[in-house]
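See below for the structure under consideration.
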Amino acid sequence: MSLCQKTAAELAALLSNRDVSAREIALACIARVEAVDARVGAFLGFDAADFLAQADASDARRSRGAALGVLDGVPVALKDNISAIGQPLTCASKILSGYVSPYDATVTRKLREAGAVVWGRLNMDEFAMGASTTNSAFHPTRNPWDTARSPGGSSGGSAAAVAASMTPLALGSDTGGSIRQPAAHCGVVGLKPTYGRVSRYGLAAFASSLDQIGPIANTVVDAALLLQVIAGGDPFDGTSLADAVPDYAAGMRAAHGPWKIGIPDEFFSDAPASARSAVEVAAAFFQGRGDTIIPVSLPRAKHAVAAYYIIATAEASSNLARYDGIRYGQRSTGATDATDIYALSRAEGFGDEVKRRIILGAYVLTSGYYEAYYLRAQKVRSLIRDDFARVFETVDFILAPVTPTPPPRIGDGIGLLEQYLGDIYTIPVNLAGLPAISVPCGEADKLPSGFQLIGKPLDECTLLAGAHAFEEAHDFAARRPTL
Amino acid sequence: MTSTTVSSKTNKEGPARTDINIDHLTKLARIALSDEEKLRFAGELCLILDYFEQLKSVDVSGVEPSAHPFPVFNVLRDDAAGPMLGADALRLIAPVFRDDCVVVPRIVDDEG
C-alpha cells in the first residue's frame, strides 16, 4: 500500500517509529497529485518547495527528539478560503486572483505549532457558495468515484483530495453543509464542529454567524486528531468559545453508550429512498448494539432553507463588500472613477452565483423589507434552535440523512431552488450552531453514501464515539476509489 | 436611465407578491450588470423570494431573533496596540501600489 493511502493515524505511527520520514510522505502526496489530479481537479495549486521545506523541518525536529505532537510531519491540505502566509488565497474567485495571504489563519498557525505540514490550495465553489464545486472560477472538481459526477461542495476539493488519497487530511468550511455533504458524496468523514469551537480568524468570511472550519479525513479517528489541533478559543475571533478543549480521541473511546438516538420524522418520512436507506443502515446498526432509536420531531426545520438563504445572503452581501477592487484583488482596467471601480471590478471578478447572493442579500436588508425577511428569518432561526434543544432533552444525538440526492453529473442543469433544497438536512444544523459528522455507510450505483449524526453543543466526543462505533464495525473507511 | 422592475409570476394564489427594482439593487450591491443579466437575475430573485413567502406562515410572536447560535457578549481585549501588517505585506496584495501607498482614484476634484 502506498504511503498516500494510509490514514493520518497510521502515518503518525510510522513517523513516530522512524519507519518513514515526513519528506517521503510529502513526496508520495505530490506524486499522487501528479498521477491523478488531472482527472479530479481537487487542487487549485500547491507550493512543492514550501511543502518539502516544512517536511524537512519536521524530520529535523524528530531527529532531535523534539517532535511537536502526534501530527508532526503529517500533511494537511487547506480549502482555498483558509489563509496560509505567503500562499495564494482565491476562494476560487477571479476577484482574488493574485492575492497572497499576508498572515496565517488561526487554524493554520495551530497546525504549524503542532508540526503538521500545511499545504495546497483546494478547489471550492466560489466563496463557498454552492454545493457542487462546479461554481469554481477556475475548473470544476470531479468525484473520484465517478469523474462524470460532482464531488459535492462547497468543500469538494477537500473531500475529493482525501478520497483520492492525495492528502491524508484536509480542512474545509461548512456554512450550510459544505463539509458534510461533499464528505458523504466522496465516501470520507466530514466533521462540522460546534459554532465557535474553531476560530474563524483567517477564513474568508461568507456568512459569519454560520461559517465553521472543520476536518475532512478518511477515518473518524483522523478527524478527531485534526479537530484536537484546531479547536479552542481565540482572541482574534470574538465568537470563538473559550470552553476547555477535551481530549477528543480519549473522549471518543470513553463513550460507549448505550445511546438514545433521535430520528426526526421531518428528515425521514418524506426523504427520497436513497436518503432513507442511509439512515436505515445506521439505525439498524445502532439498534443492534443496544442503542434506542426514538422518533423525534423538528417541526420548524422545514423552514430552515428559506431562513438560511435570507440570513446567509444578508451576511454575504455585507462580508463581500470588501472586494471592491481598491485594497486587494483585481481592479477593473475599464474603470474611470471610484464608483466604477467598485461596480466593474465586482462585475468582472464575481461569478453568477456570488452576484446573485449579494444582490439577494442587499434586497432582504433593504429598508422596508428588513423586518419581513431578515428579522423574521432570525426569529425562525431561534425556533429551529429551540426545536433541537427540546429534542436534546431526550436524546444523546440525532441521526439524519446528509443529502437528499446522489451527486449530480457535471454539466447537468439543476434549478436554483432544487440546488438550494439539496442542503435541507444540513442547513438546520448550521442555523442552530450544532456539531455534526458525516459518516460513510455504503454505496449506491458505485457512489458512496453517508449518514449524519448531529450532537449537542460542544459534545463532539459523543458524535465521534457514535461515528467511530459504526466505522469500526464496517469496512467503508478502507474503501478507496480506483483512479 | 430606464428602470427594470420585475414582478413575481409564479404565485398561483393571486397577484404578484414581489416587485424587484433590479437597478436599485445592483446599485446597492455595487455590481454592474448588462440589461440581459438584470432581467435574468431579477427573474431568479423573484423565484427565490416566492420561496421565502413560506416564512410568513410561521408564528414568530414573542420570539427573540438570533443573530448568532451562541451569543457571546462583551468580548474585549486590552486597549493596547498589537503588531500590524506593514507596507511590504500590503504591497503584495493591493491592485495598484506606489511609494508605500495603495493608489486609489481621485474622489475630490482640483477645485474642491
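So here's what we get for this one:
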quantity: Positions within segment A:144-176 being under 9 Å from the mean Cα position of the chain (by Cα) and among the acidic types (Asp, Glu), in sequence order; calculated: A:ASP174
quantity: Scope segment A:397-423; condition surrounded by fewer than 23 Cβ atoms within 10 Å (Cβ to Cβ) and part of a loop (DSSP other than H, G, I, E, B); matching residues; calculated: A:PRO404, A:THR405, A:PRO406, A:PRO408, A:ILE410, A:GLY411, A:ASP412, A:GLY413, A:ILE414, A:GLY415
quantity: Residue within segment A:76-87 that is over 26 Å from A:ALA164 (Cβ atoms) and assigned to a loop (DSSP other than H, G, I, E, B) present; calculated: yes
quantity: Positions within segment B:89-100 being without any contact (Cβ under 8 Å) to a residue 12 or more places away in the chain and more than 9 Å from chain A (Cβ to nearest Cβ), in sequence order; calculated: B:ARG91, B:PHE97, B:ARG98, B:ASP99
quantity: Selection status of A:ASP247, surrounded by fewer than 16 Cβ atoms within 10 Å (Cβ to Cβ), in contact with a helix residue (DSSP H, G or I) (Cβ under 9 Å, 6 or more places away or on another chain) and farther than 30 Å from A:ARG376 by Cβ; calculated: yes
quantity: Hey, A:ALA242 of a type in the set (Gly, Ala, Ser), assigned to a loop (DSSP other than H, G, I, E, B), free of Cβ contacts under 8 Å to residues at least 40 places away in the same chain and surrounded by fewer than 24 Cβ atoms within 10 Å (Cβ to Cβ) or not; calculated: yes
quantity: Count of residues meeting criterion [outside any loop (DSSP other than H, G, I, E, B) and not hydrophobic (A, V, I, L, M, F, W, C)] in segment A:95-136; calculated: 9
quantity: Cross-chain or 6+ apart pairs with Cβ under 7 Å, segment A:219-235 first and in a strand (DSSP E or B), then surrounded by fewer than 24 Cβ atoms within 10 Å (Cβ to Cβ); calculated: A:ALA231/A:VAL245; A:ASP234/A:TYR201; A:ASP234/A:SER240
quantity: Test: residue in segment A:257-272 that is hydrophobic (A, V, I, L, M, F, W, C), part of a helix (DSSP H, G or I) and under 22 Å from A:LYS192 (Cβ atoms); calculated: yes
quantity: Options A:ILE410, A:ILE398: the member that is hydrophobic (A, V, I, L, M, F, W, C) and over 19 Å from A:ALA282 (Cα atoms); calculated: A:ILE410
quantity: Set B:GLY82, B:GLY43: member being more than 9 Å from chain A (Cβ to nearest Cβ), on the phi < 0 side of the Ramachandran plot and part of a helix (DSSP H, G or I); calculated: B:GLY43
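Each reported figure results from applying straightforward, stated rules to the coordinates on display, with no laboratory input. What you see is a predicted model; the values in this text were computed from it and never measured. Positions of Cβ are backbone-derived with ideal geometry, glycine not excepted, and every protein chain shown enters the neighbour counts.
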